[in-house]
Amino acid sequence: MPRWFNMLSLLILNPEFAESGIAALLKLHEFGVRDVYVICLHERGQGLPALSEKGETYSLAEKKIWAIRNAEKIIDDVEKSGLNVTGLSISFGNAIEELLHVAESFSPEVIVAVVKNVDEILKGVYNLDVATMIIKQKDIGDLFEKTIYVHAAGCEWGFEKFAVNKIYGLGVVEPTLPPESSSRIMEERKKVLKYELNRIRDLLRERNIEFENEVVTGSISDVAKIAEEKEATLVIVSRGHGINRIGRVAKILEKPLMIV
Amino acid sequence: MLNLMEIAYWNRVGGVVESIESEEKTYRYRVAPFTQWKVIIAEDDIDVKKGRPVVIRIKDIHLPENTIIGPLSIMRHAYGSVVDVFEEGIPKKVEEKKRLTHTIFLPVDNGVIRSGDLIGVLKVFFVKVGTISRRLGFSAGDIKLREEIVRARMVYRDDGNIYRDEIKTKFFGYFRSHIAEWEPLIADENVEIGKGEMMRINIKEIDLPPNTVVTPLHIMRHALGTVVDVVQLERPRKVEEEKKVTQAIFIASRDGRIERGDLLGVMNVYYVATGDLKLELRDKKATIAKIAYEKNGRMVRKGLRLQRFAYRRKPIARWELLISDEERRVSSGRIEEIRIKPLQIEANTILYPLYIMRNPFGTVIDIIQEGLKKVEEERVITGALFLPAFDGLIKRGQLLGVVNVYSVEVKPHEVLRKWFNEWTEEMRRIHAQVV
């Protein structure tokens, strides 16, 4: 397995999901992730501002002390796992703004977002062009054991940093109208996808990574169904599919999703 | 008619001085009861010479919108103190994000600052400036808590030895009580000092209880100069630990003699709550000090019994502009008393420096008032003690710096206990609920 030199990761999480975020980072540690910048998201704190001076101090103290304690615990847990925490942000309700600030300032190479609101995070990370893992569940299992990669024609594949042993490559061609041109266009698209997937296969072969692949006709949402059938542990999707199609996958997929 | 002033700045530090015109205006703001620290870490190795301010490149500090910064006293590096910081280009508004890249460091000894040395600590205040929003309290979402966790080297002295310890910085901030007291800095030795000279002067020892932070109280209190910082002769302690301050760094703007018992300056001691709620209050007694001030062109001394007072700060404050009222050529390291457009300061207010250099040639390290006046009295500010870091020409009408003016409620020291108890009980209750 290749190790990439000391990658900086950005961990975004609601504190109650800290466990799966740290577990994902530990898996990524094997690929060279060592430094972590943590963003803790809180939904509390969006209420009306206090009108009295005492009310302001005490309501702020209640929220901030709680948030700082949580963050300190997460930092301790991340450090105990052998990773190096390089920074912390505590964000009350404005996840995207904080995410963009940290990404611009520190240029992470991988983002791990353990969040409830997938749509919001997706909007934030989509244009960043940084490999982003979105996790919704507490138990992530053996993350890279069975990986599915969903390719988009003409796009860089970009998952090589996280490729191990065996990957299943998938091309999805969605039917178009009217039927006559649809079948011709679909056939062309299938050919292009198959050609590109085979090229990826050949390149990965040099690294002894098995890349079985197929092109299917259907909806992008079918990726979730295929992932279930294949018992995938991680689905990697190319950014080339566009934010709306990725959003459709993210909404129904129960497994961790990585956007590259 | 609009009154305009000139704001001069470096297009890049040490590059070309450019300027813009801006309206002379007083701004009001609300300050949050939560404050953060930012450590200042040197980026380059640099030789420093006692008393000669140097510009040091630092690891970039990113400040979120709606923040202002000021100094956290107690010298953090064995060779001196940070007296101000730079951002490149046109000074940004408070409402904008800022990137700090350099600092002015005032060395108290000859030595070498190494890349990675922690050379100072900044206090970051969260503020609201809007006419309506400043009347409302802060909610948690208004305070963007961002902290880089970095390795740095703490450099300190103890009986002439210099130590360098590696630390990992993790400072998330603290809750201010707005409750404070004043500590007089009283000379404990006789010293001859010349204009522009800087000395570490032994002072009557001050014990600071745990969970206190120290900041300078502006307005020159000695006719010969001002205290730039205070010194703790041991490994720097954390805010939540007890500290002993034994020396003051004094910079002279005139030649003369400092005598044992002279009041050199005053520092504000604020009570704060960090993770560790070991809050403790100590009784203070009145002390005797000599006030050295100028009268009819001569320095005179007057013995005074300094009663102990406590005060409580209001959350609404304002900025006042310090605008030069004369043209003056300045040279690096040569401190100057510069006449400014007079400022009327009302009774029951204190002044605290606003960091980020507002003049390309140097920074205001203290201000000068007309006559001897107490905090409880109205005052007129007539001059600025300006420490140049570059040679240059300061023009009449040019901005020299900005000060924060805080309204305070001053009470005899005994009242402090009541305020303190109210606040600590509430903080402990909250702490017990959330931890």
Self-check item: Inter-centroid distance (Cα atoms) of the range A:6-34 relative to the range A:59-111, Å
Solution: 12 Å
Quiz prompt | Taking the range B:41-173 and dividing mean pair separation by its residue count, relative contact order in percent (alpha carbons under 8 Å, at least six apart) | solution = 30 percent
Self-check item: Contact order relative to length of the range B:168-248, as percent, for alpha carbon pairs under 8 angstrom and 6 or more apart
Solution: 33 percent
Quiz item: Got the relative contact order for chain A handy, in percent, Cα pairs under 8 Å and 6 or more residues apart?
Solution: 21 percent
Exercise. Rounded to whole Å and ordered largest first, report the semi-axes of the equivalent ellipsoid of the protein assembly as shown derived from its Cα gyration tensor (root of 5λ).
Key: 57, 26, 24
Practice problem: Determine the percent antiparallel among the DSSP beta bridges restricted to the range B:221-304, to the nearest 5. | Solution: 95 percent
Quiz item: Near B:Asp262, within a Cβ-to-Cβ distance under 12 Å, what is the net charge of the other residues, with Lys and Arg +1 and Asp and Glu -1?
Solution: +4
Quiz item: Using bins 10 angstrom wide from zero, how does P(r) for chain A break down, in % of all Cα pairs?
Solution: 7, 29, 32, 19, 9, 4, 1, 0
Quiz item: What ranking do A:153-159, B:71-77 get when scored by the average of other Cβ atoms within 10 Å per residue, highest first?
Solution: B:71-77, A:153-159
Quiz item: In straight Cα distance, which aspartates and glutamates are under 13 Å from B:Lys302, not counting same-chain residues fewer than 8 positions off?
Solution: B:Glu259, B:Asp262, B:Glu294
Exercise. Using only the alpha carbons, work out the radius of gyration and Dmax of the range B:16-94 in angstrom.
Key: 15.5, 41
Practice problem: Partner chain Cβ atoms within 10 Å, averaged over the residues of B:167-176 - can you pull that number for me? | Solution: 3
Quiz item: Average partner chain C-beta neighbours within 10 Å, per residue of B:57-66?
Solution: 1
Practice problem: Give me the Debye-computed log₁₀ of I(q)/I(0) at q = 0.13, 0.16, 0.18 Å⁻¹ for the range A:120-221, equal point scatterers on Cα only, no solvent, two decimals. | Solution: -0.58, -0.84, -1.00
Quiz item: List the lysines whose alpha-carbon lies under 18 Å from that of A:Lys123, not counting same-chain residues fewer than 8 positions away?
Solution: A:Lys136, A:Lys251
Exercise. Report the antiparallel proportion of the DSSP beta bridges in chain B as a percent, rounded to a multiple of 5.
Key: 95 percent
Practice problem: May I ask for the net charge around B:Lys373, where only other residues with Cβ less than 12 Å from the Cβ of B:Lys373 are counted and Lys, Arg are +1 while Asp, Glu are -1? | Solution: -2
Quiz item: What base-10 log of the normalised intensity I(q)/I(0) is obtained for the range A:163-260 from the Debye formula, alpha carbons as equal point scatterers, at q = 0.15 Å⁻¹?
Solution: -0.65
Quiz item: Give or take rounding to whole Å, what are the principal axis extents of the alpha carbon atoms in the range A:48-186, in descending order?
Solution: 72, 40, 29
Quiz prompt | trypsin sites (Lys or Arg not before Pro) restricted to the range A:58-153 and DSSP loop, no more than 16 other C-beta within 10 Å | solution = A:Lys116, A:Lys138
Quiz item: Do the sum for chain A: with -39,500 (n - 2.57) for every DSSP H run of n ≥ 4, divided by all residues, what is the mean residue ellipticity at 222 nm, to the nearest 500 deg cm²/dmol?
Solution: -13000 deg cm²/dmol
Quiz prompt | nm² value of the averaged projected area, convex hull over the Cα atoms of the range B:13-155 | solution = 9.8 nm²
Practice problem: Calculate the dipole size of the range B:294-403 relative to its Cα centre from +1 charges on Lys and Arg beta carbons and -1 charges on Asp and Glu beta carbons; express the result in debye to the nearest 20. | Solution: 420 debye
Quiz item: By a straight-distance test (C-alpha under 21 Å), which lysines pair with A:Lys191 as possible cross-link partners, with residues fewer than eight away in the same chain excluded?
Solution: none
Quiz item: Size of the dipole of chain B about the Cα centre, Lys and Arg at +1 and Asp and Glu at -1 on the beta carbon, nothing else charged, in debye to 20?
Solution: 700 debye
Quiz item: Just going by the charge dipole of chain A, with Lys and Arg at +1 and Asp and Glu at -1 on Cβ, which of A:Val223, A:Thr233, A:Ile90 is farthest out on the positive end?
Solution: A:Val223
Quiz item: Among rounded, prolate and oblate, which fits chain B when a ≥ b ≥ c are the square roots of the eigenvalues of its C-alpha gyration tensor, a/c under 1.5 means rounded, and a/b larger than b/c means prolate?
Solution: rounded
Quiz item: Pairs B:Lys97/B:Lys128; A:Lys161/B:Lys59; A:Lys64/B:Lys38; A:Lys63/B:Lys92; A:Lys146/A:Lys230: which exceed 20 Å Cα-Cα?
Solution: A:Lys161/B:Lys59; A:Lys63/B:Lys92
Quiz prompt | Principal-axis tilt of helix A:95-106 within chain A, Cα atoms, nearest 10 degrees | solution = 80 degrees
Quiz item: For the protein assembly as shown, what is the percent of antiparallel DSSP beta bridges, rounded to the nearest 5?
Solution: 75 percent
Quiz prompt | Normalised convex hull volume, the range B:175-260, alpha-carbon set, Å³ per residue | solution = 96 Å³
Quiz item: For the range B:344-419, what is the per residue volume of the convex hull drawn over the alpha-carbon atoms, in cubic angstrom?
Solution: 115 Å³
Quiz prompt | the range B:380-433, dipole about Cα centre (Lys/Arg Cβ +1, Asp/Glu Cβ -1), debye to the nearest 20 | solution = 100 debye
Quiz prompt | Test item: A:87-98 mean partner chain Cβ contacts at 10 Å | solution = 4
Practice problem: Divide by every residue of chain B the summed helix terms, -39500 (n - 2.57) for each DSSP H run of at least 4, and state the resulting mean residue ellipticity at 222 nm, rounded to the nearest 500 deg cm²/dmol. | Solution: -2000 deg cm²/dmol
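Every read-out reported here was derived from the displayed coordinates using simple, explicitly stated rules and does not represent laboratory data. None of the values given here were measured: they were computed from a predicted structure. Cβ sites come from the backbone with ideal geometry, for glycine too, and all protein chains shown count toward neighbours.
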